[in-house]
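Since the structure comes first, as structure tokens, the remarks are kept for the end.
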Amino acid sequence: MSNMNAAQLRQVKQLLLQNKQDLDAAIKSAELSSQPVDLDQSKVGRVSRIDAIQQQQLAKANVQTLKRQQLLMDKALLRLEAGEYGECLGCGEGILLKRLLIRPESPYCVDCQAASENC
């Protein structure tokens, strides 16, 4: 278990649950924006159709990003319940509370995260 006390763990759990709830709402909204584009070609020009399709593709990419974040939140909650939350999955050291308060879903300490991004 990390070096966090019970109050800190409760605080981080609340952050995770709130972030998960916010992500759920954002995913629902983004999924609505990513629905198939249905334009009346007689009333909408070619550029407008292309723009609408591009917006739809951006919304789809946004949904995928949000779902990846949601998965990280779910995994962090599972680690919390298992008593493994706050330990870096890379080196096994404790993740700084300051980092977890900003990104409570973080599975890695700053050093391991930086190393994985530089590969």
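Please treat every number below as a calculation from the coordinates, not as lab data. All values derive from a computational prediction rather than experimental measurement. When we count neighbours, we look across all protein chains shown, and the Cβ atoms used for this are built from the backbone with ideal geometry, even at glycine.
Brief remarks on what is shown
- Estimated distance in nm for a label pair at Q21 and Q57, the labels positioned 7 Å out from Cα along Cα-to-Cβ: 3.7
- Computed label-point distance, nm, for sites N5 and E31 using a 7 Å Cα→Cβ extension: 4.1
- Virtual spin-label span in nm between L71 and E93, 7 Å along Cα→Cβ: 2.8
- Under-5 Å amide H pairs with G94, H placed in peptide plane, nonlocal only: C88
- Think of it as helices only: each DSSP H run of n ≥ 4 in the chain is worth -39500 (n - 2.57), and spread over all residues that comes to -22500 deg cm²/dmol at 222 nm.
- Extent along principal axes [Cα atoms of the chain; Å; largest to smallest]: 64, 32, 20
- When each full DSSP H helix of the chain is screened for a Cα extent of at least 24 Å along its own axis and an average Kyte-Doolittle hydropathy of at least -1.0, the helices passing are 6-33, 46-81.
- Relative contact order %, the chain, counting alpha carbon pairs below 8 Å whose residues are six or more apart: 32
- Dipole magnitude of the chain, debye to nearest 20 (Cβ charges: Lys/Arg +1, Asp/Glu -1, about Cα centre): 260
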